[in-house]
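Notes follow the structure.
The values are calculated or read from the model by the stated rules, or taken from the named source; none is laboratory data. Keep in mind the model is a prediction, meaning the values are calculated, not measured. FYI the Cβ positions are ideal-geometry reconstructions off the backbone, even for glycines, and counts take in every protein chain you see.
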Amino acid sequence: MTVDAGGSAFTVSWGGNERPVRLPLPGGFNIENALAALGAALSVGVSLDTATARLGSVPQVPGRMEVVVREPFTVLIDFAHTPDALESLLSGVRELTDGTVRVLFGAGGDRDRTKRPPMAAAVARYADRIWLTSDNPRTEDPERILDDLAEGLGGVDHVRQADRVKAIHGVVAEARPGDVVVLAGKGHEVVQTVGAERRPLDERRVVAEAMRLRGAA
């Protein structure tokens, strides 16, 4: 079995037959889910050839370890926004590359402040490069949120940019071939709540624009 940022490759044995599978979803948990689905399909009579072929074309789940750039480095978008979720996400990401893991994340405003330092500590355990930015600040001061997160980094060097769009452009601009860039917290969301406003913010579009500008530089 091989696992990388683009997915995983493994061999399935069933009834004395073996078939190679290339799953276009990164992360060990996706392999577990795929094998469970494969077992269910085989148990109701779907052929091994059909079942394994379908796994090779399974669609991504928006905002769940979603790969939006594959070359020359990988950019992942994920909804992880709690200490446990970040721990699970980043421990898996760390296994995908020997390159630099760059993590951009924030914390929701008007929410439990005590979870912010543990969130940052989880990121610090796995990231080589950290960008602190806004998530949905709501009515809370974005800089205070970043202060709370910084407490959990234990002095680890990081970049601080409250404007999430500018932060995304920054982390994409500095990425190098073989790196994995993780944009954590927003996931499937396409708006950002700032004060009473719900502002459009689709990270896929922001990344696409950042990649375009990078190519033009």
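Some points to look at:
- Flag if residue 138 is under 19 Å from the mean Cα position of the chain (by Cα) and touching a residue at least 12 places away in the same chain (Cβ under 8 Å): no
- Residue list for the stretch 1-45, filter: crowded, with 18+ Cβ neighbours inside 10 Å and either of a type in the set (Asp, Glu) or within 22 Å of residue 91 (Cα to Cα) (or both): 3, 5, 7, 8, 23, 25, 26, 27, 30, 31, 34
- Any hit, the stretch 112-122, residues being under 17 Å from the mean Cα position of the chain (by Cα) and in contact (Cβ under 8 Å) with a residue 60 or more places away in the chain: no
- Residue within the stretch 73-84 that is surrounded by fewer than 24 Cβ atoms within 10 Å (Cβ to Cβ), more than 22 Å from residue 203 (Cα to Cα), at pLDDT 95 or above and in contact with a helix residue (DSSP H, G or I) (Cβ under 9 Å, 6 or more places away or on another chain) present: yes
- Checked against the criterion of being farther than 17 Å from residue 107 by Cβ and either small (Gly, Ala, Ser) or modelled with pLDDT of 95 or more (or both), the candidates 203, 151, 197, 140 yield just one match: 197.
- Screening residue 48 on (1) surrounded by 15 or more Cβ atoms within 10 Å (Cβ to Cβ); (2) farther than 27 Å from residue 136 by Cα; (3) at pLDDT below 95 shows it passes everything except condition (3).
- Any hit, the stretch 55-64, residues being modelled with pLDDT under 95, polar (S, T, N, Q) and either surrounded by 14 or more Cβ atoms within 10 Å (Cβ to Cβ) or over 12 Å from the mean Cα position of the chain (by Cα) (or both): yes
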